[in-house]
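Below is one structure, written out as structure tokens; comments come after it.
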Amino acid sequence: MKKSNIKSKKIESSGGSAARKSLIAKVGIGVLILAMIALFIVPNVMKAPATTSPDDSFDEVPFTKEGTVTISDSTGKPKITIDAEFADTEYDRQRGLMFRRSMLESQGMLFFFPLEEMQSFWMRNTYISLDMLFIDANKRVVTIHRNTKTLSDQSYPSTKPAKYVLEVVAGFCDKHGVVEGDVVGWK
């Protein structure tokens, strides 16, 4: 009986040895794979550029004259005419003047909306402080927000329904005497 016990113990111990060798081999392969991954990933992570800011992600957007805008007093006497870009598509309205670094006082962007309703703008990704003129369907200025805060999610809403919005550089309205009730025309 002792012989059979010894025999089965030998079988058990040799079976355990094979399982151990298999486990060691699997662990070794796993370590080797992790080492290879580390060799490729760590150097690339170390070379990765610093996080880019929004201004690094976009090239300067050039001004493209699409027409002119004239602001007149309530009697129709012209105060000033500027060159304008027209934001008349959903994409153009969403992008607006974002990522622009400069704009001349003689330039502006006129936004066209399909409906006359309460409008609201913000300054996210906008580097130029602006004056915003909200204009109703009769082309009268109903709200002006002066000297908006750049790079801000602060809301600048109209106080009355508007169908158009004109954005010009900050200080424009004060310099040219633009007030609510003025009339805006374009071509």
Practice task
Counting other beta carbons within 10 Å of each Cβ, put Phe112, Phe134, Phe63 in order, fewest first.
Solution key: Phe112, Phe63, Phe134
Problem - Too-long pairs where the Cα-Cα distance tops 20 Å, listed order kept, from Lys65/Lys175; Lys139/Lys163; Lys163/Lys187; Lys79/Lys149; Lys77/Lys163; Lys149/Lys187 - result: Lys65/Lys175; Lys79/Lys149; Lys77/Lys163; Lys149/Lys187
Problem - Computed label-point distance, nm, for sites Asp73 and Thr89 using a 7 Å Cα→Cβ extension - result: 4.1 nm
Exercise for the section: May I ask you to sort Ile80, Ile71 by Cβ crowding, counting other Cβ atoms within 10 Å and putting the fewest first? Expected result: Ile80, Ile71
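Since every read-out is calculated from the coordinates, none of them should be taken as a lab result. As the structure is a prediction and not an experimental result, all values here were calculated from the model. A quick note on method: Cβ atoms are made from the backbone with ideal geometry, for glycine too, and the neighbour counts reach across all protein chains shown.
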